[in-house]
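These notes concern the structure reproduced below.
The values are calculated or read from the model by the stated rules, or taken from the named source; none is laboratory data. All values derive from a computational prediction rather than experimental measurement. In this analysis, Cβ positions are derived from the backbone assuming ideal geometry, glycine residues included, and neighbour counts consider all displayed protein chains. All accessible areas refer to the heavy atoms of the entire protein, side chains included, with ligands and DNA or RNA removed. Shrake-Rupley method; radii C 1.70, N 1.55, O 1.52, S 1.80 Å.
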Amino acid sequence: MKFSLLSAASVGVLCAAMSAAALDPIVIKGSKFFNEKTGEQFFFKGMAYQPRAGFKGETMDPLADTVGCKRDIEVFKDLGINSIRVYEVDYTKNHDTCMKLLEDAGIYLMLDMPSPKYSINRKEPYWDHDMMSHWTAKVDAFSKYPNLIAWLAGNEVANDVETTPSAAFVKAAIRDMKAYLKKKGHKTPVGYADNDDMHI
């Protein structure tokens, strides 16, 4: 899997760590991320975080589980990571505690806009106002957190030659969500987790 930003070339989340000072804003220049205050290049040292063991409920949301956050962030500190990617949250819940714990630990969040129920289907793709309304609600809920570093608008939606038509819908979603973020005054970049397939 590779992570590609619409406004930048592909940037891996596998690089060596370079600590950002107390969660300074991270900006994109060309194809790289930089600490806005120090000017130093920012390298992601992260992991996907979506624990499922013992989960109860319709939406898996590790950032609303304060007990789990407190436990797992201690492990994150030992690992020395500076970022996590979370695939699924419930934007109607409160995430203040977990997001503050992550911030205090020097950890940025990369968050997926889609959810299992509201995502672009690779086989029967569409993008409409209803789906967008759920994505924008998530944006509204999380944009207040200073350690939100990037949004993802899809995860390997087109994964073979037959599903490449879905890419047009992902592109439309990114276009609309970038416009929404700009309208709201947010500068958080929007990216896409691409498929490492040389044939598509």
With Asn147, Asn121, Asn82, Asn94 as the choices, which residue is without any contact (Cβ under 8 Å) to a residue 40 or more places away in the chain and of a type in the set (S, T, N, Q)? Asn94
Output the residue which, of all residues in the stretch 1-29 that are farther than 21 Å from Asp112 by Cα and modelled with pLDDT under 90, is surrounded by the most Cβ atoms within 10 Å (Cβ to Cβ). Ala20
Do any residues in the stretch 167-186 that are under 15 Å from Asn121 (Cβ atoms) and surrounded by 14 or more Cβ atoms within 10 Å (Cβ to Cβ) have Cβ atoms under 7 Å from those of residues that are modelled with pLDDT of 95 or more and of a type in the set (Gly, Ala, Ser), where the two are at least six apart or on different chains, and which pairs are they? Val170/Ala153; Ala173/Ala153
What do you reckon, is Phe44 part of a helix (DSSP H, G or I), open to solvent by less than 30 Å² (accessible area, probe 1.4 Å) and touching a residue at least 12 places away in the same chain (Cβ under 8 Å)? no
Residue ID - nearest to Val190 (Cα to Cα), chosen from residues in the stretch 92-140 that are part of a helix (DSSP H, G or I) and in contact with a Leu (Cβ under 6 Å, 6 or more places away or on another chain): Glu103
Being open to solvent by less than 70 Å² (accessible area, probe 1.4 Å) and more than 25 Å from Ile200 (Cα to Cα) is the requirement here; does Val75 meet it? no
For the stretch 187-200, give me each residue that is open to solvent by 40 Å² or more (accessible area, probe 1.4 Å), part of a loop (DSSP other than H, G, I, E, B) and touching a strand residue (DSSP E or B) at 6+ places or on another chain (Cβ under 7 Å). Asp196
Filtering the stretch 113-144 for residues that are at pLDDT 95 or above, open to solvent by less than 70 Å² (accessible area, probe 1.4 Å) and in contact with a helix residue (DSSP H, G or I) (Cβ under 9 Å, 6 or more places away or on another chain) leaves a count of 14
